[in-house]
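Peer 1: Once you've had a glance at the structure underneath, I'll fire off some questions.
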Amino acid sequence: MAIQWFPGHMHLTQKAIAERINNIDVVIELLDARLPGSSANPLLAKLTQGKPALKVLNKQDLADPLRTPQWLAHYSALPGTQAIALDASVATPAKAVIAACHALAPLRRGMVKPMRVLICGIPNVGKSTLINTLTGKRAAKTGDEAGVTKQEQRIALAPDFYLYDTPGVLWPRIIVTKSGYNLAASGAVGRNAFDEQEVALELLDYLRQHYPALLQARFKIEDASALTDEQLLETIGRQRGALQGGQKVNLQKAAEIAIYDFRSAVMGRITLETPDEFAQWLATGQTLDAQRQLKKDAIELDRKIRFKQVPRPDLRH
Ligand SMILES: Nc1nc2c(ncn2[C@@H]2O[C@H](COP(=O)(O)OP(=O)(O)OP(=O)(O)O)[C@@H](O)[C@H]2O)c(=O)[nH]1
Ligand SMILES: [Mg+2]
């Protein structure tokens, strides 16, 4: 089933960003370096359109170091956009963010024209952590759970440099099914809004194809490619002792283990998509969405005809 999560505080944040955006000089969107395409929010793209943009591929310490440069090149090629990769908790490299903001809005300096930077992105991607690292204190609340920041907060980095921390937002309809799974695997979706077994099976399917050696080493499997996703999940549960009565594997527990091991990178550094793969998923998602819309329109037209709100079309010609 497609994963969707758009609770009330996200709706309010969307409105707050729309009101704030005119007085913002640079928009920093934090992306998750493990899923840079799926974590780029189309709703935020629309709300912040036309503003100088800095894409920060955060949690690069957990992502595949061979794939991050591909994504940096992809984003840097977009107009008015710079991209850097970071581990938000490490201070010295995080300072690159400040320099990039000055490069994107060179005229914003001094008390009369202070730099105003909006930090946005999906839940749990590290927005508040980056702000704390930049300010050198715990100015913003952080936590390993989606939805920690609930309200916009202004933090002064210097008397002429403001940062606005915002609550993480997803978007009302995620049309790329795979993105929903990757977002859930990363920790961006509230825990009650997805099925762990479904997400773990999708995750294992990708890892089996792209990172078999990591899977095999972590779970002591001889040949991951010889197993189905379900068999893989069962093997993981058995190997880690997630059993219930009669030596049956507790698949729920096994799924939680697989997701946890991915999130904490104990399996190794993994990125769940390349720019080319994501472009294909997006194209498929858009086609399916257009078909869905056509079907919806046809049903609506049929309803209107039946209730005589519009005339029946003349099909004789
Ligand atoms: N490994 C790693 N962990 C990070 C990084 N940045 C943030 N984290 C962790 O990710 C979790 C979420 O961080 P937050 O800063 O609270 O995320 P947020 O984007 O403000 O989340 P919301 O307010 O819920 O939208 C915390 O456990 C952080 O320690 C990073 O670059 N690398
Ligand atoms: Mg936060």
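Peer 1: Can you give the log10 of the normalised intensity I(q)/I(0) at q = 0.24, 0.27, 0.29 Å⁻¹, computed with Debye over equal Cα scatterers of region 195-263?
Peer 2: Evaluating at q = 0.24, 0.27, 0.29 Å⁻¹ gives log10 I(q)/I(0) of -1.03, -1.28, -1.45.
Peer 1: Given a cut-off of under 8 Å on Cα pairs at least six residues apart, what relative contact order in percent is computed for region 1-153?
Peer 2: 26 percent
Peer 1: Also: Leu57's amide H: which non-local residues (gap 5+, or another chain) put their own amide H closer than 5 Å, with H modeled 1.01 Å from N in plane and none for Pro or chain starts?
Peer 2: Leu31, Ile84, Ala85, Leu86
Peer 1: Now a separate question. Could you please report the charge total around Ile155, scoring K, R as +1 and D, E as -1 over all other residues with beta-carbon less than 15 angstrom from its beta-carbon?
Peer 2: Summing Lys/Arg as +1 and Asp/Glu as -1 gives +4.
Peer 1: At 7 Å along Cα-to-Cβ for each site, give me the label-to-label distance between Glu198 and Gln239 in nm.
Peer 2: 2.6 nm
Peer 1: For the chain, compute Rh as the Kirkwood radius over C-alpha pairs and then the Stokes-Einstein diffusion coefficient at 25 °C and 0.890 mPa s; write the answer in µm²/s, rounded to an integer.
Peer 2: Estimated diffusion coefficient is 115 µm²/s.
Peer 1: If you take the square roots of the eigenvalues of the alpha-carbon gyration tensor of region 8-165 and sort them as a ≥ b ≥ c, do you get rounded (a/c under 1.5), prolate (a/b over b/c) or oblate? Intermediate values should be presented prior to the final figure.
Peer 2: Working: a/c = 1.25, a/b = 1.16, b/c = 1.07.
Here region 8-165 falls in the rounded category.
Peer 1: Still on this structure: If you project the alpha carbons of region 1-92 onto the principal axes, what extent comes out on each, in Å, largest first?
Peer 2: On the principal axes, region 1-92 reaches 37, 37, 26 Å in Cα extent.
Peer 1: Okay, moving on. May I ask you to compute the full-extension gain from Arg191 to Glu230, defined as 0.36 nm times their residue separation minus their alpha-carbon distance, rounded to one decimal in nm?
Peer 2: Gain in length upon complete extension: 11.9 nm.
Peer 1: In the chain, which helices (entire DSSP H runs) extend 30 Å or more along their own long axis, judged by Cα positions, while averaging at least 1.6 on the Kyte-Doolittle scale?
Peer 2: none
Peer 1: What is the sum of charges around Ile3, taking Lys and Arg as +1, Asp and Glu as -1, for the other residues whose C-beta is under 14 Å from the C-beta of Ile3?
Peer 2: For residues surrounding Ile3, the net value is -1.
Peer 1: Can you tell me the convex hull volume per residue for region 275-317, based on C-alpha atoms, in Å³ to the nearest whole number?
Peer 2: 77 Å³
Peer 1: Further question on the same structure: If you take every DSSP beta bridge fully contained in the chain, what fraction is antiparallel? Give it as a percent rounded to 5. Intermediate results must be reported in sequence, preceding the final value.
Peer 2: Numbers: 7 of 28 bridges.
That works out to approximately 25 percent antiparallel.
Peer 1: Write down the percent of antiparallel bridges among all DSSP beta bridges whose residues are both part of region 8-165, to the nearest 5. List each step's numbers first, then the result.
Peer 2: Working: 5 of 26 bridges.
Of the beta bridges lying entirely in region 8-165, close to 20 percent run antiparallel.
Peer 1: Zone of His102 (label point 7 Å along Cα→Cβ, backbone N under 13 Å): which residues in region 54-88?
Peer 2: Nothing falls inside the zone, counting backbone N under 13 Å.
Peer 1: I would also like to ask the following. What percent do you get for the relative contact order of the chain when only Cα pairs under 8 Å and 6+ apart count?
Peer 2: Details: 518 pairs, mean separation 61.2, N = 317.
It rounds to 19 percent for the chain.
Peer 1: Hey, in the GNM for the chain with a 10 angstrom Cα cutoff, which one of Leu232, Leu30, Leu66 fluctuates hardest?
Peer 2: Most flexible of the set in this elastic network: Leu66.
Peer 1: What are the ³J(HN,Hα) couplings of region 110-123, residue after residue, when phi is run through the Karplus curve with 6.51, -1.76, 1.60 and θ = phi - 60°? Round to Hz, x for glycine and proline.
Peer 2: Going residue by residue, I get x, 5, 6, 10, x, 7, 10, 10, 9, 9, 9, x, 5, x Hz, with x marking Gly and Pro.
Peer 1: Could I ask something else about it? Which distance in nm do the two modelled labels at Lys220 and Lys51 give, with both placed 7 Å along the Cα-to-Cβ direction?
Peer 2: If labels sit at Lys220 and Lys51, their model points lie 5.2 nm apart.
Peer 1: Same structure again: Taking H placed 1.01 Å from N in the peptide plane, check which residues at least 5 places from Val169 or on another chain put their amide H under 5 Å from its amide H.
Peer 2: Residues meeting the amide H criterion: Gly121, Ile122.
Peer 1: Further question: Looking at the chain as a GNM with Cα springs under 10 Å, which of Thr13, Thr284, Thr92 has the largest mean-square fluctuation?
Peer 2: Of Thr13, Thr284, Thr92, the most mobile in the Gaussian network model is Thr92.
Peer 1: Sticking with the crude label model, points 7 Å out along Cα→Cβ, report the distance from Arg154 to Arg312 in nm, one decimal please.
Peer 2: According to this spin-label approximation, the distance is 6.3 nm.
Peer 1: Suppose a student asked you for the relative contact order of region 139-284, using Cα pairs under 8 Å spaced at least 6 residues apart; what percent would you report?
Peer 2: Numbers: 149 pairs, mean separation 28.5, N = 146.
Relative contact order here is 20 percent.
We did not get these values from a lab; they are worked out from the coordinates using the rules stated. Everything quoted here is computed from the prediction, not taken from an experiment. We place every Cβ from the backbone using ideal geometry, glycine too, and count neighbours over all the protein chains shown.
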